[in-house]
Amino acid sequence: MSFLPSERFSVAPMVDVTDSVFRRMARVMTQRAMLYTEMIAAEALVHAKYYLIDFKEEELPCCLQLGSADPKKLAQATAVGVAHGYSAINLNAGCPSDKVQSGNFGAILMKTPELIAKCYQAMAEAADKAAPAGVSIPVSVKTRIGVDELDSEEFTFKLMGTIYEAGCRHLIIHARKAWLNGLSPKENRTIPPLDYERVYKIKAAFPELHVTINGGITTMEQCHEQLTHVDGVMLGRAIIDNPYLLASVDRELFGEDKPQLTREEVLARMVDLGAQLQSEGKALHFLCRHLLGLFNGCAHSRLYRRYLSEHMTKKEVRPDILLKAHQAMVQGMLDV
């Protein structure tokens, strides 16, 4: 199987964001979505830094994203990820950060489509060998529609076609090109214009290819619209800004027939999660930072964010800080 049902909706891999605590937070609101790790350098797993990919069973389904330009190292890291129990493995061929560029992987790989193909084939072979009998662990590639001056439609089709011909049947396509010089990673998420139509053309040209679209999608309505053209949608920064969006995913996109949690119900469950994390020796701010946007769009949500920001790093903080932050917001409503 090259495309898991959970890939219908996924949360993008984001450095310093999609860690294990984030994924446990997300699972409170959605059981069906595919969650991704941060990008993990294959080199780290080759050198047995397995603690970087530890996770809890509750985080599944979860995809391990790897970064490297070395097929051999990617194969080794893929085998480690499969042995650890990840649901799927992904190759990063789209990140434009300086750190990734210095290692000659990420977005710079788009300049050598044949190398992406070799990396994919090595990973797919390793996944097949490492998987338990009768189990298939999908391997996918995340990329963009172009890089620097290589941004013509002709180039995009060559890039995607080369990866497809290598056997890949799931591509995650950020519908922007990447500028490797002159733009920061943040600017690369917003300044290059979106070109959804080009992604749709890729899907039409390769009907057997499962295409997940990424970039600029922020609402359930937009997710529904995109899914009339492609197989999956991936959201990133929209989830940071509004994590409560996850609470609607299972009903809206997977057809689950169960009531959607209210923000207050989510908050109560986060208090329980916070207590669990503290019992494991984890500082509470690792959870709270992911919840700053939980009430975005609600009246006086800035009071919730302010209280949480001011108190979440204190040594004596307890999980009920979340309830106190919410009370600060409610009090703001009453004072009007």
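Consider the range 312-327 and keep the residues that are surrounded by fewer than 19 Cβ atoms within 10 Å (Cβ to Cβ) and part of a helix (DSSP H, G or I). The one that is nearest to the chain's Cα centre (by Cα) is Leu323. Tallying residues that are under 18 Å from the mean Cα position of the chain (by Cα), touching a residue at least 24 places away in the same chain (Cβ under 8 Å) and surrounded by fewer than 23 Cβ atoms within 10 Å (Cβ to Cβ) within the range 40-56 yields 6. Within the range 1-39, if we keep just the residues that are β-branched (Val, Ile, Thr) and under 21 Å from Gly215 (Cα atoms), the residue that is surrounded by the most Cβ atoms within 10 Å (Cβ to Cβ) turns out to be Val11. Residue pairs whose Cβ atoms lie under 7 Å apart, sitting 6 or more positions apart in sequence or on different chains, and linking a residue in the range 111-122 that is within 14 Å of Phe155 (Cα to Cα) to a partner that is hydrophobic (A, V, I, L, M, F, W, C) and not in a helix (DSSP H, G or I), are Lys111/Val147; Lys111/Leu150.
Of all the residues in the range 1-24, those that are assigned to a helix (DSSP H, G or I) and over 23 Å from Pro185 (Cβ atoms) number 5.
Each row is one residue, and each column tells you yes or no for (1) more than 13 Å from Val28 (Cβ to Cβ); (2) of a type outside the set (A, V, I, L, M, F, W, C).
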site	(1), (2)
Val266	no, no
Ser301	yes, yes
Glu310	yes, yes
Leu334	yes, no
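For the criterion of being part of a loop (DSSP other than H, G, I, E, B), surrounded by fewer than 22 Cβ atoms within 10 Å (Cβ to Cβ) and either not charged (D, E, K, R) or not assigned by TED's automatic domain parsing to the domain that holds Phe105 (or both), Gly134 passes. If you go through the range 227-243 one residue at a time, do you hit one that is of a type in the set (Ser, Thr, Tyr), under 30 Å from Asn188 (Cα atoms) and assigned to a loop (DSSP other than H, G, I, E, B)? Within the range 227-243 (the criterion being of a type in the set (Ser, Thr, Tyr), under 30 Å from Asn188 (Cα atoms) and assigned to a loop (DSSP other than H, G, I, E, B)), the answer is yes, since at least one residue qualifies. Being touching a residue at least 40 places away in the same chain (Cβ under 8 Å), assigned by TED's automatic domain parsing to the domain that holds Cys62 and surrounded by 23 or more Cβ atoms within 10 Å (Cβ to Cβ) is a description that does not apply to Gly161. Evaluated against (1) at pLDDT 95 or above; (2) at positive phi; (3) of a type in the set (Gly, Ala, Ser), Gly182 falls short on exactly one condition, (1). Of the residues making up the range 196-226, those that are surrounded by 16 or more Cβ atoms within 10 Å (Cβ to Cβ), more than 18 Å from the chain's Cα centre (by Cα) and assigned to a helix (DSSP H, G or I) are Tyr196, Arg198, Val199, Tyr200, Lys201, Ile202, Lys203. Among the candidates Gly146, Gly161, Gly167, the residue that is among the small types (Gly, Ala, Ser), in contact with a Phe, Trp or Tyr (Cβ under 8 Å, 6 or more places away or on another chain), over 17 Å from Asn214 (Cβ atoms) and not in a loop (DSSP other than H, G, I, E, B) is uniquely Gly161. Quick check on my filter: what residues within the range 153-187 are of a type outside the set (Val, Ile, Thr), in contact with a Gly (Cβ under 7 Å, 6 or more places away or on another chain) and over 19 Å from Glu7 (Cα atoms)? Result: Phe155, Arg176, Lys177, Ala178.
The values are calculated or read from the model by the stated rules, or taken from the named source; none is laboratory data. None of the values given here were measured: they were computed from a predicted structure. A quick note on method: Cβ atoms are made from the backbone with ideal geometry, for glycine too, and the neighbour counts reach across all protein chains shown.
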